[in-house]
Amino acid sequence: MEKTLSRIHPVSDPEATYFLQVSWEKDLGTGFGIILSDCQCAWTGTVSEADISREAADIEMDREKYVEELRKALIAGEESAGKYNFVIA
């Protein structure tokens, strides 16, 4: 299993710091687990392969392109810094 851990500052609260951990088996396209923490609380979830396919279809994006955008936003780190914004709701 592979994992990444990123520090994010959401645009909804730029002074706040959150930590985002993403874990996956083969690649993000087969699904992944996610943990978001503000160091006081943590929230967990899973995204299935079917969820990814459904979301790509909903926004009318090629599935492989959608998976690549997920990779850039969630695990690419420095190469995508400043290109993606997070909103905590």
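Of the listed requirements (1) open to solvent by less than 50 Å² (accessible area, probe 1.4 Å); (2) assigned to a loop (DSSP other than H, G, I, E, B); (3) β-branched (Val, Ile, Thr), Val47 misses just one: (2).
For region 22-38, the set of residues classified as part of a strand (DSSP E or B) and either more than 14 Å from Leu70 (Cα to Cα) or not aromatic (Phe, Trp, Tyr) (or both) consists of Val22, Ser23, Gly31, Gly33, Ile34, Ile35, Leu36, Ser37, listed by residue number.
Within region 45-61, does at least one residue satisfy the condition of being touching a residue at least 24 places away in the same chain (Cβ under 8 Å), on the phi > 0 side of the Ramachandran plot and out of contact with any helix residue (DSSP H, G or I) (no Cβ under 6 Å at 6 or more places or on another chain)?
no
The set of residues from region 22-44 being over 11 Å from the mean Cα position of the chain (by Cα) and either hydroxyl-bearing (Ser, Thr, Tyr) or closer than 19 Å to Ile8 by Cα (or both) comprises Thr30, Ser37, Asp38, Cys39, Gln40, Cys41, Ala42, Trp43, Thr44. Considering only residues in region 7-21 that are closer than 14 Å to Ile88 by Cβ and in a strand (DSSP E or B), the one that is nearest to the chain's Cα centre (by Cα) turns out to be Leu20. Every condition in (1) modelled with pLDDT under 95; (2) more than 17 Å from Gln21 (Cβ to Cβ); (3) open to solvent by 70 Å² or more (accessible area, probe 1.4 Å) holds for Arg71 except the one numbered (2).
Please determine whether any residue of region 5-15 is modelled with pLDDT of 95 or more, polar (S, T, N, Q) and on the phi < 0 side of the Ramachandran plot. Taking every residue of region 5-15 in turn, none turns out to be modelled with pLDDT of 95 or more, polar (S, T, N, Q) and on the phi < 0 side of the Ramachandran plot.
Looking across Glu55, Glu60, one residue alone is over 16 Å from Glu2 (Cα atoms), in a loop (DSSP other than H, G, I, E, B) and at pLDDT 95 or above. It is Glu60. Selection of first residues in region 14-33 that are hydroxyl-bearing (Ser, Thr, Tyr) and surrounded by 12 or more Cβ atoms within 10 Å (Cβ to Cβ) and of second residues that are in a strand (DSSP E or B) and at pLDDT below 90, restricted to Cβ pairs under 6 Å at least 6 apart or on distinct chains, gives the following pairs, ordered by first then second residue: Tyr18/Ile8.
The values are calculated or read from the model by the stated rules, or taken from the named source; none is laboratory data. Because the structure is predicted, anything quoted here is derived from the model rather than measured. All Cβ positions, glycine included, derive from the backbone under ideal geometry; neighbour counts span all protein chains shown. Accessible surface areas use protein heavy atoms only, side chains included; no ligands, DNA or RNA. Shrake-Rupley method; radii C 1.70, N 1.55, O 1.52, S 1.80 Å.
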